[in-house]
Each structure stands twice: as structure tokens, then as C-alpha cells.
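What follows is one structure encoded as C-alpha cells, with my remarks underneath.
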Amino acid sequence: MSGDPQGDHAEDRAAGGRLERLRGFRVRGERDQTVAAEVERLRRGVRKRTRAEEAVGEAWAAVVPDEFAGACMFVELKGKTAIVRARDAGVRYRIERWLSAGGLATLAGVARAPVGRVKVVV
């Protein structure tokens, strides 16, 4: 130190400023403790799933043959699997035959969401 009280004080302030600057690098900022980000993420996920289900439901209604239209209905989309409810086992069998004969490819081509499989339930 220089022995000058004014000089010592200025050096202390400069050192204190550098110390505060260093502390600023080490101290983490305040964490967001609200659930807003999580709620927004969930909202986007639900909206995306809803849009996909609507797209597959519309595609199903557009491509299903008229003979099945009144006997089955699209229920939901689980991943890439469309769930369709049939009125009875006979209708289920005929829908599965139609799907394996190219109906699944037609549905997948028309739907604006990925459909890899159709599960027909009674």
C-alpha cells in the first residue's frame, strides 16, 4: 500500500469491485419456481396429440368403405396405433381384411399424422 489514506481507499474500492465482478460469475441466477413452464409443455403436448387424433379421425372417415361406415368408428390414437371400435366380430374381421388389402396404406397416406397400425376392437 502506498501509505496515502486516499490511495489505499481507492485500491480497496477497486479490489472490492473486482471481487463483486467475480462473485457475479459464480452466483447462479434465481430459479423459476413456478409451474408455468411445465404447464406450457403439457399444453403443447395435449394440443399436438389432439391435432393428430383429429387428423386420423378425419382420414378414417374419408377412406373407410361405405359398408363399414355405420358399423365402426375411430376412437383414439395411441402413438402410431389408431384404435377403431367395430360393432361386432364380423365387422371387425372384414375391416381387418380391408386394412391388410391396402386400407392401412390408404389411411396412412391420407392422414396428416403417422399411422403405423390399426387395432380393431369390439
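Values in this text are rule-based calculations from the coordinates and carry no lab data. Everything numeric in this text was worked out from a predicted model, so none of it was measured. Because the Cβ atoms are built from the backbone with ideal geometry, glycine has one as well, and the counts that use them run over all protein chains shown.
Would you mention how many residues in the stretch 83-104 are of a type outside the set (Lys, Arg) and surrounded by 12 or more Cβ atoms within 10 Å (Cβ to Cβ)?
Final tally of qualifying residues: 11.
Please list, ordered by first then second residue, the pairs with beta carbon atoms under 6 Å, 6 or more apart or interchain, first in the stretch 56-81 and in contact (Cβ under 8 Å) with a residue 40 or more places away in the chain, second surrounded by 12 or more Cβ atoms within 10 Å (Cβ to Cβ) and part of a strand (DSSP E or B).
VAL56/LEU77; VAL56/ALA82; TRP60/PHE74; CYS72/VAL84; CYS72/ALA86; VAL75/ILE83; VAL75/ARG85
Restricting to the stretch 65-77, name every residue that is in contact with a strand residue (DSSP E or B) (Cβ under 7 Å, 6 or more places away or on another chain) and part of a loop (DSSP other than H, G, I, E, B).
ALA71, the sole residue that qualifies.
From the list ARG18, ARG28, ARG13, ARG47, which one is under 14 Å from the mean Cα position of the chain (by Cα) and either at negative phi or surrounded by fewer than 11 Cβ atoms within 10 Å (Cβ to Cβ) (or both)? I'd like the intermediate steps shown before the answer.
Values: ARG18 fails: under 14 Å from the mean Cα position of the chain (by Cα); ARG28 fails: under 14 Å from the mean Cα position of the chain (by Cα); ARG13 fails: under 14 Å from the mean Cα position of the chain (by Cα).
None of the other options fit; the residue is ARG47.
Give the residues of the stretch 83-104 that are under 19 Å from ALA52 (Cα atoms) and not in a helix (DSSP H, G or I), sorted by residue number.
ILE83, VAL84, ARG85
Could you please let me know if LYS80 is in contact with a strand residue (DSSP E or B) (Cβ under 9 Å, 6 or more places away or on another chain), surrounded by fewer than 16 Cβ atoms within 10 Å (Cβ to Cβ) and within 18 Å of ARG51 (Cα to Cα)? Can you show your working first?
Numbers: in contact with a strand residue (DSSP E or B) (Cβ under 9 Å, 6 or more places away or on another chain): yes; surrounded by fewer than 16 Cβ atoms within 10 Å (Cβ to Cβ): yes; within 18 Å of ARG51 (Cα to Cα): yes.
So LYS80 passes the test.
Can you pull out the residues in the stretch 105-122 that are surrounded by fewer than 15 Cβ atoms within 10 Å (Cβ to Cβ) and in a helix (DSSP H, G or I)?
Hits for the stretch 105-122 are ALA105, GLY109.
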